[in-house]
Amino acid sequence: MMNVNIEKCIGCGKCVKDCFPQDIEMVEGKAKINNVRCIKCGHCIAICPMAAVSTDEYSMEEVKDYNEENFNLDADNLLNFIKFRRTIRQFKDKKIETEKISKIIEAGRYTQTGGNAQDVAYIVVKNGLDELKTLTLESLKKMGEYMLANLTPETKMYEMYAKMWVNMYEEYQENPEKNDKLFFNAPAVIVVVANSDVNGALASSNMELMTNALGLGTFFSGFFVRAAQGNKKIMDFLGVKEGKQIVTCMIIGYPNVKYLRTTPRKESDISWK
């Protein structure tokens, strides 16, 4: 529940004006939160000049007052940071500190969600990586073999991937350490699950930025997401809760490669109306 300390409230009305669901009203010169339509977004906490608003559902110890030195980012530096990021598939044989994993997840936790649903969850796999690899490669092999045996003009374009999945499985069986073409011997995987694809994807994007800021590297494994779809063994192994679906799979580790510059991209497809 959101609460207003009427002794601190000066009746400025800023929280009323900024409340999207219109759940705050002024009563005798003080703000009153009805907690009927409230979605717990926290705008009222953030905007109050007297810090008069609080909640008893989340920890108020997480609240930080704004100051330019700690919160401001240079726009050009941020854009360069985004342009320089690379998908990493070469990792050092080095474990990731738990504190860094927690910061990556924190970046996801503070990402906006539709209706403030906060429906994103995170499954960190470290000790169970070998089992997860085996389950995933078995699923990819099965899908690949089925596609190759049932090629049609519509699926012909996927023949390359089908052959790749079968080869990935066979090569991994021959030499798991040398031929890990799924997770590339990375020390950790974070599977992002959510009720909403959009919410999970938004969180994943911020998590990638934090991963790079921490000196780590990552790539999003579309192969894993494809293998996990409808695969009860993988879903049960991960413990994905009912109602949630796998949105992304982040393979994370310390990069064993150094890039020296950004790369070009296609021109933006923009329509001005």
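Here is how the numbers come out for the structure above:
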{"read-out": "Answer from 212, 256 - the residue that is open to solvent by less than 50 Å² (accessible area, probe 1.4 Å), closer than 26 Å to residue 98 by Cα and in contact (Cβ under 8 Å) with a residue 24 or more places away in the chain", "value": "212"}
{"read-out": "Hits in the stretch 17-56 (condition: within 30 Å of the chain's Cα centre (by Cα) and of a type in the set (Lys, Arg))", "value": "37, 40"}
{"read-out": "Candidates 158, 172, 122, filtered to the one that is farther than 28 Å from residue 254 by Cβ and aromatic (Phe, Trp, Tyr)", "value": "158"}
{"read-out": "Lone unmet requirement of (1) open to solvent by 40 Å² or more (accessible area, probe 1.4 Å); (2) more than 19 Å from residue 118 (Cβ to Cβ) for residue 31", "value": "(1)"}
{"read-out": "Residue in the stretch 54-65 that is crowded, with 17+ Cβ neighbours inside 10 Å and over 28 Å from residue 210 (Cβ atoms) present", "value": "no"}
{"read-out": "Test: residue in the stretch 1-17 that is modelled with pLDDT of 95 or more, closer than 24 Å to residue 119 by Cβ and loosely packed, with under 14 Cβ neighbours inside 10 Å", "value": "yes"}
{"read-out": "Boolean, residue 241 is in a loop (DSSP other than H, G, I, E, B) and closer than 14 Å to residue 122 by Cα", "value": "yes"}
{"read-out": "Condition met for residue 138 (open to solvent by 60 Å² or more (accessible area, probe 1.4 Å) and either out of contact with any His (no Cβ under 8 Å at 6 or more places or on another chain) or at pLDDT 95 or above (or both))", "value": "yes"}
{"read-out": "Some residue of the stretch 249-268 being assigned to a loop (DSSP other than H, G, I, E, B), at pLDDT 95 or above and under 26 Å from residue 138 (Cα atoms)", "value": "no"}
{"read-out": "Given (1) in contact with a Phe, Trp or Tyr (Cβ under 9 Å, 6 or more places away or on another chain); (2) touching a residue at least 40 places away in the same chain (Cβ under 8 Å), index of the condition residue 151 fails", "value": "(2)"}
{"read-out": "Residue list for the stretch 222-242, filter: of a type in the set (Gly, Ala, Ser), under 17 Å from residue 131 (Cβ atoms) and open to solvent by 10 Å² or more (accessible area, probe 1.4 Å)", "value": "239"}
{"read-out": "Considering residues of the stretch 86-104 that are touching a residue at least 24 places away in the same chain (Cβ under 8 Å) and open to solvent by 60 Å² or more (accessible area, probe 1.4 Å) only, the residue nearest to residue 220 (Cα to Cα)", "value": "89"}
{"read-out": "Matching residues in the stretch 167-199 - criterion: being surrounded by fewer than 19 Cβ atoms within 10 Å (Cβ to Cβ) and among the aliphatic types (A, V, I, L, M)", "value": "198"}
{"read-out": "Qualifying residue in the stretch 160-171 (condition: assigned to a helix (DSSP H, G or I), modelled with pLDDT of 95 or more and closer than 26 Å to residue 244 by Cβ)", "value": "yes"}
{"read-out": "Restricting the stretch 45-70 to residues that are among the polar types (S, T, N, Q) and in a loop (DSSP other than H, G, I, E, B), the residue that is nearest to residue 5 (Cα to Cα)", "value": "59"}
{"read-out": "Output for the stretch 1-44, where each listed residue is in contact (Cβ under 8 Å) with a residue 24 or more places away in the chain and not in a loop (DSSP other than H, G, I, E, B)", "value": "2, 3, 4, 14, 15, 18, 30, 31, 32, 33, 43, 44"}
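To keep it simple, each residue is scored yes or no on (1) part of a strand (DSSP E or B); (2) more than 10 Å from the chain's Cα centre (by Cα).
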{"position": "186", "(1), (2)": "no, yes"}
{"position": "192", "(1), (2)": "yes, no"}
{"position": "200", "(1), (2)": "no, no"}
{"position": "206", "(1), (2)": "no, no"}
{"position": "215", "(1), (2)": "no, yes"}
{"position": "226", "(1), (2)": "no, yes"}
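The values are calculated or read from the model by the stated rules, or taken from the named source; none is laboratory data. The structure presented is a predicted model; accordingly, all values stated were derived computationally and were not measured. All Cβ positions, even for glycine, are placed from backbone atoms using ideal geometry, and neighbour counts span all protein chains on display. Accessible surface areas use protein heavy atoms only, side chains included; no ligands, DNA or RNA. Shrake-Rupley method; radii C 1.70, N 1.55, O 1.52, S 1.80 Å.
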